[in-house]
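> What follows is a structure written as structure tokens; I'll ask about it next.
The values are calculated or read from the model by the stated rules, or taken from the named source; none is laboratory data. Small disclaimer: the values here were computed from a predicted structure and weren't measured. Cβ: placed from backbone, ideal geometry, glycine included. Neighbour counts: every protein chain shown. Accessible surface areas use protein heavy atoms only, side chains included; no ligands, DNA or RNA. Shrake-Rupley method; radii C 1.70, N 1.55, O 1.52, S 1.80 Å.
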Amino acid sequence: MTLSFSENIDPSLLPQTEFEEKVVSFLEEWHSVRETVPVQTSGSTGTPKVFAIRKERMRHSANMTCDFLNLSPESSALLCLPVEYISGKMMVVRAAERNMKLTVSTPTSQPLQNITEFIDFCAMTPLQVQNSLDKIHLIGNLIIGGAQVAEHLKVNITDALKHSNTQSRVYETYGMSETLSHIALKQIYPKSEEFFTVLGDVQISQDERSCLSVFAPKLNPDRLQTNDLVEIKNATQFRFIGRLDNIINSGGLKIHPEELEELVKKHLKTEVIFAGLKDDRLGQKLVLGVEGARSTQLSNALNTALDAVETAFSKNHRPREIFYLNEFPRLPNGKISRRALIELL
């Protein structure tokens, strides 16, 4: 199904799939007299919940992204994310706000499988991008959200695009449901940036724990206090370090698992999670979960990666146990459920 927002959308539009029905239902909500729409959180940082969002704030968020990426009524977009969540809803709103042509595709792990024509704008998860590397040159502006982009995926993206004739731009996003999708972008290709840059009039600061505070009154009237440890470069740029909730205290040593995971993923083409398991002597012992079947090749690459961890940090940052799992538990939107994985370990 393709929706051309530069024309009047036919109210009797007949969806052909269950996902298209959900999109049409959201459009009916969007064009209703109600001033809010319900949004479901993913549950990655807490219990999933549904809350009402004012449409005017969603419009402001949409226009911040469209302005940053220079999207216009001549642009085309692809929706391949669940419309129950803010990520999918905002793709529809961006297309509506800029009168773009929106192609609606049922979310799968291979969203570009049937795409043959160039598309100006698309939002995808890291897993979707990993499974679409042969076709991402067909996307002009690709934003990746839902989870951190692994180092090996960044390399794969660069390798996939550097020999193509496309002018594709690829960004990693930072945001949450409460900020109506992302409030900052970090370019992966053609430049490789270390710091996120905030959009529009978003203001950032740190609390006494060095965690990010976000003030974006046009998106949310409240100052949002996160548990995300960051380094702030200036008024508009910051670097994500890790979540305070995930810090591992092993014998008094404070370990940020995301920092270790980022380093290990430079050597592995698979997902890894560092975790702290209860230990009578250390309080928490550092362990590592690896997604995939154990093999000589994987073990050798992992040893190389852990040598790099020990060199960059210390021998106490080397995991005391390694677990191989065929598949990590994930949330409905594709994010790895760190809590469920720790319980499983």
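> Would you be able to tell me the number of residues in the range 87-96 that are open to solvent by 10 Å² or more (accessible area, probe 1.4 Å) and either under 14 Å from the mean Cα position of the chain (by Cα) or under 13 Å from residue 181 (Cβ atoms) (or both)?
So the count comes out to 2.
> Return yes when residue 121 is among the aromatic types (Phe, Trp, Tyr) and modelled with pLDDT under 95 and no when it is not.
On the way: among the aromatic types (Phe, Trp, Tyr): yes; modelled with pLDDT under 95: no.
Here the answer is no, as residue 121 does not meet what is asked.
> Among the strands (runs of 3 or more DSSP E) contained in the range 144-240, which hold 2 or more residues that are surrounded by fewer than 17 Cβ atoms within 10 Å (Cβ to Cβ)?
203-206, 211-215, 224-234
> Could you grab me the full set of residues in the range 169-187 that are more than 18 Å from residue 233 (Cα to Cα) and at pLDDT 95 or above?
Once the filter is applied, which keeps residues that are more than 18 Å from residue 233 (Cα to Cα) and at pLDDT 95 or above, the range 169-187 yields 169, 170, 171.
> Identify the residue in the range 127-140 that is of a type outside the set (Asp, Glu) and surrounded by fewer than 22 Cβ atoms within 10 Å (Cβ to Cβ) and, among all such residues, is modelled with the lowest pLDDT.
Narrowing the range 127-140 to residues of a type outside the set (Asp, Glu): 127-133, 135-140.
Those left that are additionally surrounded by fewer than 22 Cβ atoms within 10 Å (Cβ to Cβ): 127, 130-131, 133, 135, 137-138, 140.
Numbers: 127: 86, 130: 90, 131: 92, 133: 95, 135: 95, 137: 96, 138: 96, 140: 96.
Applying the filter and picking the extreme gives 127.
> Over 17 Å from residue 27 (Cβ atoms), without any contact (Cβ under 8 Å) to a residue 60 or more places away in the chain and not aliphatic (A, V, I, L, M): is that true of residue 76 in this structure? Spell out how you get there, then give the answer.
Working: over 17 Å from residue 27 (Cβ atoms): yes; without any contact (Cβ under 8 Å) to a residue 60 or more places away in the chain: yes; not aliphatic (A, V, I, L, M): yes.
Judged against the criteria, residue 76 is a match.
> Something else about it: Looking only at the range 272-303, how many residues end up being within 14 Å of residue 325 (Cβ to Cβ), touching a Phe, Trp or Tyr at 6+ places or on another chain (Cβ under 8 Å), assigned to a strand (DSSP E or B) and not charged (D, E, K, R)?
Residues meeting the conditions: 5.
> Of the residues that make up the range 143-163, is at least one under 17 Å from residue 1 (Cα atoms), modelled with pLDDT of 90 or more and in contact with a Leu (Cβ under 8 Å, 6 or more places away or on another chain)?
The first filter runs over the range 143-163 and keeps only residues under 17 Å from residue 1 (Cα atoms), leaving none.
No, the range 143-163 has no match at all.
> Among the listed residues 248, 255, 273, which satisfies the condition of being buried (at least 17 other Cβ atoms within 10 Å of the Cβ), within 18 Å of the chain's Cα centre (by Cα) and not polar (S, T, N, Q)?
Working: 248 fails: within 18 Å of the chain's Cα centre (by Cα); 255 fails: within 18 Å of the chain's Cα centre (by Cα).
Testing whether each residue is buried (at least 17 other Cβ atoms within 10 Å of the Cβ), within 18 Å of the chain's Cα centre (by Cα) and not polar (S, T, N, Q) leaves just 273.
> Inspect the range 310-328 for any residue being among the β-branched types (Val, Ile, Thr), closer than 24 Å to residue 344 by Cβ, out of contact with any Phe, Trp or Tyr (no Cβ under 8 Å at 6 or more places or on another chain) and not in a strand (DSSP E or B) and give the result as yes or no.
There is no residue in the range 310-328 that is among the β-branched types (Val, Ile, Thr), closer than 24 Å to residue 344 by Cβ, out of contact with any Phe, Trp or Tyr (no Cβ under 8 Å at 6 or more places or on another chain) and not in a strand (DSSP E or B).
For every residue, the table says whether it meets (1) open to solvent by 90 Å² or more (accessible area, probe 1.4 Å); (2) modelled with pLDDT under 95; (3) under 24 Å from residue 128 (Cβ atoms).
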site: 294; (1), (2), (3): yes, yes, no
site: 298; (1), (2), (3): no, yes, yes
site: 311; (1), (2), (3): yes, yes, no
site: 314; (1), (2), (3): no, yes, no
site: 330; (1), (2), (3): no, yes, yes
site: 338; (1), (2), (3): no, yes, yes
site: 342; (1), (2), (3): no, yes, no
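> Follow-up question, since we're still on this one. Find all pairs meeting these conditions: Cβ atoms under 6 angstrom apart; at least six residues apart or on different chains; first residue within the range 138-167 and under 19 Å from residue 194 (Cβ atoms) and in contact (Cβ under 8 Å) with a residue 40 or more places away in the chain; second residue of a type in the set (Asp, Glu) and open to solvent by less than 30 Å² (accessible area, probe 1.4 Å).
144/172
> Restricting attention to the range 93-124, which residues are among the charged types (D, E, K, R) and either assigned to a loop (DSSP other than H, G, I, E, B) or touching a helix residue (DSSP H, G or I) at 6+ places or on another chain (Cβ under 8 Å) (or both)? Break it down stepwise before answering.
Taking the range 93-124 as the starting set, the residues that turn out to be among the charged types (D, E, K, R) are 94, 97-98, 101, 117, 120.
94, 97, 98, 101, 117 - these are the residues of the range 93-124 that are among the charged types (D, E, K, R) and either assigned to a loop (DSSP other than H, G, I, E, B) or touching a helix residue (DSSP H, G or I) at 6+ places or on another chain (Cβ under 8 Å) (or both).
> Please name all residue pairs, on different chains or six or more residues apart, with Cβ atoms under 8 Å, provided the first residue is in the range 213-238 and is under 17 Å from residue 61 (Cβ atoms) and touching a residue at least 24 places away in the same chain (Cβ under 8 Å) and the second residue is open to solvent by 50 Å² or more (accessible area, probe 1.4 Å) and part of a loop (DSSP other than H, G, I, E, B).
214/223; 216/200; 216/201; 218/200; 218/201
> Quick one: in the range 249-271, of everything that is over 15 Å from residue 320 (Cβ atoms) and among the aliphatic types (A, V, I, L, M), which residue is modelled with the lowest pLDDT? Give the steps one after another, and end with the answer.
Going through the range 249-271, the residues over 15 Å from residue 320 (Cβ atoms) turn out to be 252, 254, 256, 258-259, 261-271.
With the extra rule that they be among the aliphatic types (A, V, I, L, M), the set shrinks to 263-264, 268.
Working: 263: 91, 264: 92, 268: 88.
Here the residue is 268.
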